[in-house]
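The values are calculated or read from the model by the stated rules, or taken from the named source; none is laboratory data. Note that the structure is predicted; figures quoted are calculated from it, not measured. Quick reminder, even Gly has a Cβ in these numbers, built from the backbone with ideal geometry, and neighbours come from all protein chains shown. Heavy atoms of the whole protein, side chains included, go into the accessibility calculation; ligands, DNA and RNA do not. Shrake-Rupley method; radii C 1.70, N 1.55, O 1.52, S 1.80 Å.
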Amino acid sequence: MRKIYSWIVGNPKKILVFFFFAAVCGAVLHNLVEVNYDMTDYLPADTGSTVSLELMHEEFDGGIPNARVMIRDVSIAQALEYKEKLKNCEGVTAVLWLDDAVSIYQPLEMADAAAVETYYKDNTALFTVTVKENDIVATVDRIREIIGEDNAMTGDAVSTAVATTGTVNEIRIITVFSVLFVLLVLFITTTSWTEPLVVLLGLGVAIMINSGTNLIFGKISFVTNAACAILQLAVSLDYSVFLLHRYEECLRQNYDKKSAMVDALCKSASSIASSGLTTVIGFFALVFMRFGIGPDLGLALAKGVAISLVTVFVFMPVLILSVYPLIEKTRHKKLMPEFKRFGRLVSRIMIPMALVFIIVAVPSFMASNSNAYYYGASRIYGEDTQYGRDTVAIENTFGKNDTYVLMVPNGDIKAEQSLSDALHEIPEITSILSYVDTVGAEIPKEYLDAGTLAQLVSDDYNRFVLSVAVNYEGEETFDLVERIRRTADTYYPGAYYLAGEGVSTYDLMDTITADTLKVNLIAIGAVFVILLLTMRSLTLPVILVFAIEAAIWINIGIPYFADSVVQYIAYLIISSIQLGATVDYAILFTDRYLEHRQTMPKKQAVVETVSSVTTSILTSGTVLSVVGFLLSYLSSHRILSQLGLFLGRGTLLSMAGVFFVLPGLLYIFDGLVRKTTLKLHFYNPGKEKKSNDNQEIHA
């Protein structure tokens, strides 16, 4: 490796030009990466709702309804005018209203009351609208222009449009604040005014390269787009800082700058690489999720950390050497304390803290698996947003409502009529639009209006458009989906197709809950194996993984005790992210403890370790935590907001575990660690005294 590092420091111009060129290309290519805000697109291709949607798009032009539009203070005639405007709106493929369910040319009192109140109530009209998926943002804007600000709209298409426009602006703000905070932290923790700018430049190059190379995926999820860059910034920060500090140590022993940098690379390679590898593995575990957002985020983050490692070992050495004279000129007094007192405090409370941590971990683990969850997109915006207010307004007038579409093979009118009768027996179904319900089985299809027929009948299938009085998700919704599927299977065994937001959310719940245990076990197992190989110990990986996993259990168990509902996607992702991002702190602490333990008793080793690693851990940990809290506070998207809250709080808990619990565990199991670790020599004053006595006797 020394030859490779010598070549790197000997070719600064080539390396600088290459990385700056790659960063510029990355910045340009980043603008070509498409962002997907629809979570249902990431369901596995073999789920029922996904298969149904694909077949429905092939058979019918209208697709599936994905928006509800409410117009206040309108008569039947005025509502029909609005319907025509919505149908003629570019990007809208279908609009369903009262006139599609009942005859409006007879007194409404004679029609089915439930069907009428599904679409028209208290002089207020509710339209079920289908928006093209490839033109959602512009179409939703056009619909808003038609209905005005005083009316309301909600649904999957609307939430996707809001997320598309809003998240981009929020992420820009979060990124600016994150960069400013990173600078502040680095100015405090380094000893030169130039060092923070150098570290940030190196990180910026790595992030731009990673952002541009996301083009290989074609498109990325909104979660990846929002979180990847700032997570890469926070997680990779300590690699560059550690190399810089190691270089300054080597420079005190070797006055030749290039030779000192080669020494620094050789001495820091193992620790940086092992920390980076565990982080990459922790993120890569997300790839094994069947739910597509997991692999999407996991690959981007793992790639980002890998690129950061390459940047640290190749680009940062020549960058540091190029600007080191400026670093020297801008030296300032050390602003951080030595943390000796903090080390002594930890040594006094570490054992009781470790015991408390172990005790608290048990109920936290149970609570972390007992939370109440939101699985889909129906609750991603609160009532403080226009989308949230519109949703509440529609639900207050028409109740909780969704639209499902059931598709069955055509050709058997009797079976369709029997199915319709059975569906009408389900109380939550308030209205059904189908060939047999709207027209009647006795009327031949050739007598129907072509537009009406196209909405309900294709060459191979007939559609039942079901208005259901349930929320977009929840136990009641999931139970209804199961009942409709059982009913359809009775008349069309294995030959029916059901789609809708509630149906997709049901499949989403079914898919991602099955991913949880698998992903967590893969992440823990992979990190454990990496630690086992790098530390050559049977007990140290157990201690380190437990310290971080216990912090994760406490973090995701808090919502249970707080009686709050968790966005399941945030819950699922945070376990791997917190493990991958913060296990580095435990590795750093343990490495230094083992180093000090060779020359001093275990209690003194704890004090010295805490004193030597606190600045490094605080630097990375506070940045990661604040980035998380910024995401939580500034994002109106609840999945991103809750992911940020989990990240911020989880990082603080992981740091607490490393500072106050890990020392106690290492102290308690010191003897076991010594016996189960290869080539480990601990300080033993008794042996040294006995050896000295033997030497005197022989003398």
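Return the lysines within reach of Lys340: Cα separation strictly under 24 angstrom, same-chain partners fewer than 8 residues apart disregarded; answer none if there are no such residues.
Lys602, Lys603
What is the gain in length, in nm to one decimal, between Arg483 and Val287 on full extension, counting 0.36 nm per residue of separation less the C-alpha to C-alpha distance?
Separation in residues times 0.36 nm, less the Cα-Cα distance, equals 67.3 nm.
Please give every one of the aspartates and glutamates within straight-line cross-link reach of Lys414, meaning a C-alpha to C-alpha distance under 19 Å, and leave out same-chain neighbours fewer than 8 residues apart.
Glu425, Asp437, Glu442, Glu446, Asp459, Asp460, Asp489
Of the listed peptides 409-418, 601-610, what is their order by residue-averaged count of other C-beta atoms within 10 Å, with the highest listed first?
Packing proxy ranking, top to bottom: 601-610, 409-418.
Can you give the extra length, in nm with one decimal, that the chain gains between Leu326 and Ile426 once fully stretched, where that is 0.36 nm per residue apart less the Cα-Cα distance?
28.4 nm is the gain from fully extending Leu326 to Ile426.
Between Ala562 and Glu595, what FRET efficiency follows from the Cβ-Cβ distance if R0 is 41 Å, with the result rounded to 0.05?
After rounding, the FRET efficiency stands at 0.50.
Please work out the Cα center distance from the range 193-227 to the range 467-483, rounded to the nearest Å.
Comparing the Cα centres of the range 193-227 and the range 467-483, I get a distance of 41 Å.
Please return the longest range in the chain lying between exposed loop sites, taking chymotrypsin sites (Phe, Trp or Tyr not before Pro), DSSP loop only, at most 11 other beta-carbon atoms within 10 Å, and leaving the sites out.
256-699
DSSP H helices in the chain with Cα extent of 24 Å or more along the helix axis and mean Kyte-Doolittle hydropathy at least 1.6?
Long hydrophobic helices here: 12-30, 156-189, 540-562.
May I ask you to compute the full-extension gain from Lys121 to His681, defined as 0.36 nm times their residue separation minus their alpha-carbon distance, rounded to one decimal in nm?
Extra length available between Lys121 and His681 comes to 193.5 nm.
Once R0 is set to 51 Å, what does the formula 1/(1 + (r/R0)^6) return for the Cβ-Cβ distance between Glu84 and Phe181, expressed as a FRET efficiency to the nearest 0.05?
0.45
Less than 28 Å apart at the alpha-carbon level, and either on another chain or at least 8 residues along: which lysines does that give for Lys400?
Within the straight-line cut-off, Lys400 pairs with Lys83, Lys85, Lys87, Lys121, Lys132.
May I ask you to derive the relative contact order of the chain, considering only C-alpha pairs under 8 Å and at least 6 residues apart, and to give it as an integer percent?
20 percent
At a temperature of 37 °C and a viscosity of 0.692 mPa s, determine how fast the chain diffuses translationally according to Stokes-Einstein, using the Kirkwood radius over alpha-carbon pairs as Rh; express D in µm²/s, rounded to the nearest whole number.
Diffusion coefficient, whole number: 116 µm²/s.
Accessible area per residue of the chain at 1.4 Å probe, in Å²?
42 Å²
According to a simple spin-label model (label point 7 Å from Cα along Cα-to-Cβ), what is the distance in nm between Glu383 and Phe18?
Simple spin-label model gives 5.9 nm for this pair.
Hey, any idea what % of the chain's accessible area is carbon plus sulfur with a 1.4 Å probe?
Using a 1.4 Å probe with all protein chains present, the chain comes out at 59 percent carbon and sulfur.
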